[in-house]
Amino acid sequence: MDSSGAWNFVSAPNLQPMKVNINVSKPGTAPGFIFVAPYTLFGVEMIGQTGALMMDQKGNPIWFQPLESRFVQNTDFRVQQYKGEAVLTMWQGTISGTQSADPNLPDGDAEPGAFYLIYNQHYQVIKTITARNGYTSDLHEFTITKRNTVLFTALKQVPADLTAYGGPLDGYYDNYSIQEVDLETGELLFLWDVLAHVNPADSYISASTASESNNIWDCFHVNSVKEGPDDTLLISMRNMWAIYNIDKRSGNILWQLGGKKSDFVLGADAAFSWQHDARHRGGNRISLFNDACCASPTAPPQCQAHGLIVQLDTQTMTANAVHTYFHDPALYVPSQGNVQQLPNGNEFVGWGQEPYVSEFLHGGNTKANPSLHLIYNMQFPNQNLSYRAFKNKWTGVPLDPPSVAVEHGAETASVYASWNGSTETAAWQVLAGAAPNALSIVVNNMPRIGFETEMEVNAEGPYFQVKALNTSGRIIGTSRIVLAEQDEE
């Protein structure tokens, strides 16, 4: 690690992922790796590189793919299923508000030119997808369906006279669509235009804020979409404080939860605002991340941010909280965040604009007792953040060979070995010799430690090579042969 709080690796000098702290680690966590996509806002020091980062529960990098500039970001980095195989998916582009103090679009919008990526287990890009019909690929959602199609959010600016709402005459709606594309044919199968179905007057963002972003009014701010039963879609709109259930066949809104025209009466603990990541949970339950905070200068915190599971009663049209997930200490989160249900029943929470990820036992906690059932808590450096965070199982088999570097002293050599993305490497073997064709084993079955394993070797070399071993001791990867220059003393 360097003084800035980022990792530096001798064998992989081009990788500088952020280093994290583990503040809480108790028994009972679900197996899997942690998936985040670190970046930060304009005017804030970025610790390490932006990109897609997979870590183990100790915070050690497993795979890191850095981007060329801090002004390019990934979001929604996670494991999904495509054609029955596990794949990695993510959005890539530039988020407005990260590249300038005076952005051309509302904060949190995707700049034109963004796209989605699907990687196989060898870290090869197998699909690149972009939004259709003049929309920009939006950073908030990209979900592969069981039909091998993708659902995603998309965005474009629509010219409009906003004076009726208190905005400019020559204004624009920041309009969203939900799109579904066939991954094999590229055909656009479905498009739901938000402006055609939702009244901008119901927004909690004043149209006068358009003057701050090229006369563009971010009235909706769609931030999640998820398929539900009976060909429905569950859609969250942050700036409407509402979640909508729509009939995919007709496009009609079946019901609205929250906002100015809620079809449900919300119990006191079920109320939410500026929310993200609405998901079906079965049994008429919905989970969401309740930001409850600060999406505009005139919007003070409604309450502490927290994960929330709500029970819907469609007979009485009431909604009540069944579980809440508060951070310890309290967090007030202006944007982003998610709640993921893990296979063992635990809940994994990404805290969005606050630099934390947490795991809770399913029973959750309360604002009065936030440490209850909080069994894992990771903290990023400085003000690094990740739009969402996930925990998933993953098997990575990189096609690139392991990396090796050698620092040769007078009598011993320090050999550094790493293999970016390999989840199966358990130990290392080191070979050395006087010629590339005369190498012999000098270290065998040295346990892998973290991303990069350093090994002291009593060998002059000057030629060195490392081989990666799996848990059975089988060789699964072989590095190139390097010539070590001996230090002169």
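The values are calculated or read from the model by the stated rules, or taken from the named source; none is laboratory data. Nothing here was measured: the structure is a model prediction, and the numbers come from that model. Methodologically, a virtual Cβ is constructed for each residue, glycine included, from the backbone with ideal geometry; neighbour enumeration extends over all protein chains shown.
Summary of values
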{"quantity": "Residues satisfying the stated conditions in the range 448-467, i.e. among the aromatic types (Phe, Trp, Tyr) and either assigned to a loop (DSSP other than H, G, I, E, B) or within 13 Å of Val10 (Cα to Cα) (or both)", "calculated": "Phe451"}
{"quantity": "Residue in the range 334-346 that is surrounded by the fewest Cβ atoms within 10 Å (Cβ to Cβ), counting only those that are touching an Asp or Glu at 6+ places or on another chain (Cβ under 8 Å) and over 22 Å from Gly267 (Cα atoms)", "calculated": "Gln341"}
{"quantity": "Criterion: hydroxyl-bearing (Ser, Thr, Tyr), surrounded by fewer than 16 Cβ atoms within 10 Å (Cβ to Cβ) and closer than 30 Å to Asn392 by Cβ - qualifying residue of Thr425, Thr471, Thr412", "calculated": "Thr471"}
{"quantity": "Some residue of the range 398-408 being at pLDDT 95 or above, under 24 Å from the mean Cα position of the chain (by Cα) and of a type in the set (D, E, K, R)", "calculated": "no"}
{"quantity": "First in the range 266-277 and within 9 Å of Ala292 (Cα to Cα), second anywhere and in a strand (DSSP E or B) and among the β-branched types (Val, Ile, Thr), Cβ under 8 Å, 6 or more apart", "calculated": "Gln275/Ile243"}
{"quantity": "Residue ranges of strands (runs of 3 or more DSSP E) in the range 328-438 with at least 2 members over 30 Å from Pro462 (Cβ atoms) and in contact with a strand residue (DSSP E or B) (Cβ under 7 Å, 6 or more places away or on another chain)", "calculated": "338-341, 347-350, 356-360, 374-379, 390-392"}
{"quantity": "Pairs, first under 20 Å from Ile481 (Cβ atoms) in the range 393-413, second crowded, with 20+ Cβ neighbours inside 10 Å and charged (D, E, K, R), C-beta under 8 Å, six or more apart", "calculated": "Pro402/Lys467"}
{"quantity": "Members of the range 138-152 found to be touching a Leu at 6+ places or on another chain (Cβ under 8 Å) and not hydrophobic (A, V, I, L, M, F, W, C), listed by number", "calculated": "Asp138, Glu141, Thr143, Thr145, Asn148, Thr149"}
{"quantity": "Test: residue in the range 274-290 that is on the phi > 0 side of the Ramachandran plot, among the small types (Gly, Ala, Ser) and assigned to a strand (DSSP E or B)", "calculated": "yes"}
{"quantity": "Sole residue being assigned by TED's automatic domain parsing to the domain that holds Ile253, free of Cβ contacts under 8 Å to residues at least 40 places away in the same chain and touching a Phe, Trp or Tyr at 6+ places or on another chain (Cβ under 7 Å), chosen from Thr128, Thr163, Thr153", "calculated": "Thr128"}
{"quantity": "Top-ranked residue in the range 139-192 [being surrounded by 18 or more Cβ atoms within 10 Å (Cβ to Cβ) and of a type in the set (Asp, Glu); ranked as farthest from Asp231 (Cα to Cα)]", "calculated": "Asp174"}
{"quantity": "Condition met for Thr478 (modelled with pLDDT of 95 or more and touching a Pro at 6+ places or on another chain (Cβ under 7 Å))", "calculated": "yes"}
{"quantity": "Failed condition for Glu347, given (1) modelled with pLDDT under 95; (2) under 19 Å from the mean Cα position of the chain (by Cα)", "calculated": "(1)"}
{"quantity": "Selection within the range 226-270 - surrounded by fewer than 15 Cβ atoms within 10 Å (Cβ to Cβ) and touching a helix residue (DSSP H, G or I) at 6+ places or on another chain (Cβ under 7 Å)", "calculated": "Lys260, Lys261"}
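Rundown of residues vs (1) more than 23 Å from Ala305 (Cα to Cα); (2) touching a residue at least 60 places away in the same chain (Cβ under 8 Å), yes/no style:
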site: His197; (1), (2): yes, no
site: Pro200; (1), (2): yes, no
site: Ser203; (1), (2): no, no
site: Ser206; (1), (2): no, yes
site: Ala210; (1), (2): yes, no
site: Asn223; (1), (2): no, yes
site: Asp231; (1), (2): yes, no
site: Ser236; (1), (2): no, no
